[in-house]
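Asks: This is the structure I have questions about; it appears just below.
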Amino acid sequence: NCIAPGVVMSDATRSKISDEILTALGREQPLPGQIQPGDVAGTAVFFASDDARFISGQVLVVDGGRHMPA
């Protein structure tokens, strides 16, 4: 399994990308807001849990709907 995160609001992200661009990215996705580290961590916890025991070979995109298949 794989987690494919969008732009996560970490210290490293904030040091490399301007606040203006980060705000625009958060507005332009279907689920408004910014992805927090806990959003991705929760996905990892799910994959590691018994609830995901029969899930294999999947890519779970955590990006607020920015990249949705047609």
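Each value in this text was obtained by applying a stated rule to the coordinates, not by laboratory testing. Values in this document were obtained by computation on a predicted structure and should not be read as measured data. When we count neighbours, we look across all protein chains shown, and the Cβ atoms used for this are built from the backbone with ideal geometry, even at glycine.
Asks: Evaluate the charge dipole of the chain about its Cα centre and quote only its size in Debye, nearest 20, assuming +1 on the Cβ of each Lys and Arg and -1 on the Cβ of each Asp and Glu. Don't skip to the answer; put the middle values down first.
Replies: Values: 5 positive and 8 negative charges, 22 e Å.
In total the dipole reaches around 100 debye.
Asks: In terms of the ratio Rg/(2.2 N^0.38 Å) built on C-alpha atoms, what value belongs to the chain?
Replies: On the way: Rg = 13.6 Å, N = 70, 2.2 N^0.38 = 11.1 Å.
Here the answer is 1.23, to two decimals.
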